[in-house]
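The values are calculated or read from the model by the stated rules, or taken from the named source; none is laboratory data. What you see is a predicted model, and the numbers here were worked out from it, not measured in a lab. Every residue, glycine as well, gets a Cβ built from its backbone with ideal geometry; the counts of neighbours run over all protein chains shown. The area values use the complete protein model at the heavy-atom level, side chains included, leaving out ligands, DNA and RNA. Shrake-Rupley method; radii C 1.70, N 1.55, O 1.52, S 1.80 Å.
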Amino acid sequence: MNQITICLLIGLAIVCITMAAELWHTRVVDSRQMAYISELLEQILQNRPVSYVSEEKDTLYGKILVQIKRIDEIKAENNKALLKERDSIKQLLTQIAHQLRTPLANMENYLVLLEEDGISEEERLKYINAVEKSERKISFLVEKFMLSARLESQIIQIHKSTSNLKETVAQAIFQVYKKAQEKDIYIDLQENENDEWMVSHDKNWICECVYNLLDNSIKYSKAGQRITVSMKNNEMFTQISVEDNGIGISQDEENRIFKLYYRGKNTQGYEGFGIGLYITNEIARKHDGFMRVCRKENGLIMSIFLPKTGTL
């Protein structure tokens, strides 16, 4: 065997040994990487903090580790959302129990009184009216609590169509007319007759919004006062405002009054549950609009802004 052949064989052997060593090293590295990936996944499955360490970014292994980290972050975000939803449900149940306790107790007491012997017809009618009042309050509470729960759970769907917004506002005014009449309160609708009121909105839900604002204004205004409902157009939005001269709010409450179950500092002695403005604000947001409150020396101006048709 000549010297050249021997050199070739030695070179080939070195190449084979090098390739075998690299293959062995690769397998060892791959095995370690797979073991580490398995460990990270197990930590995620067991809901333990992930001990993520990686200096590689441009390799497949590095990309997989980044994806695992992202999965862990998404899991953490979902856990936070679940905890928030659980706390929200607990708060809702607490509020339901608290708000229902009084009318239920009243119904029970008056029903006991109705069973007594010797009550007069006047007393009987008084007790029946009291039971009916408590029943209406319970029905109202259940309806509003269900509505607020559906809003928080993103169940309510807004179905917008382009229709006359003035008719929607007029319908809300009609619904509160009896309450206003009982307190000798006059509701004045002001609008520019030349303006166009064809706006994309859900008539039922926007009617609910305006009704809530009017209901509050009537409740917190003295007898004989005036409530002004005005409609305006600007370049981007159509504005519905309800202005009253009632009890108003404190200086630091402009944003807080839209929180669920929050009641203003001036509302002591008035019936209410802190639900209406929350619902109104959420519905406005679902219309891609917003609400604004303006304090006055006496009373408030509450405004709903809806995008004009074609601006979105």
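For this structure, a couple of remarks:
- Residue selected from the range 201-219 under the condition open to solvent by 40 Å² or more (accessible area, probe 1.4 Å) and free of Cβ contacts under 8 Å to residues at least 60 places away in the same chain, by the criterion farthest from residue 273 (Cα to Cα): 203
- Residues that are touching a residue at least 24 places away in the same chain (Cβ under 8 Å), closer than 19 Å to residue 275 by Cβ, aliphatic (A, V, I, L, M) and open to solvent by less than 90 Å² (accessible area, probe 1.4 Å), drawn from the range 90-140: 92, 96, 100, 138
- Per-region count, the range 234-254, residues more than 28 Å from residue 271 (Cα to Cα) and buried (at least 16 other Cβ atoms within 10 Å of the Cβ): 2
- Against the test of being at pLDDT below 80 and not hydrophobic (A, V, I, L, M, F, W, C), the options 143, 115 yield a single qualifying residue, 143.
- Within the range 80-89, the residues that satisfy the criterion of being at pLDDT 75 or above and either open to solvent by 70 Å² or more (accessible area, probe 1.4 Å) or not in a helix (DSSP H, G or I) (or both) are 80, 82, 83, 84, 86, 87.
- Members of the range 273-307 found to be open to solvent by less than 20 Å² (accessible area, probe 1.4 Å), of a type outside the set (A, V, I, L, M) and within 30 Å of residue 134 (Cα to Cα), listed by number: 274, 280, 299
- Residue 249 vs. criteria assigned to a helix (DSSP H, G or I), under 24 Å from the mean Cα position of the chain (by Cα) and either of a type in the set (A, V, I, L, M) or within 19 Å of residue 287 (Cβ to Cβ) (or both): no
- Residue 77 without any contact (Cβ under 8 Å) to a residue 24 or more places away in the chain, open to solvent by 90 Å² or more (accessible area, probe 1.4 Å), not in a helix (DSSP H, G or I) and not small (Gly, Ala, Ser): no
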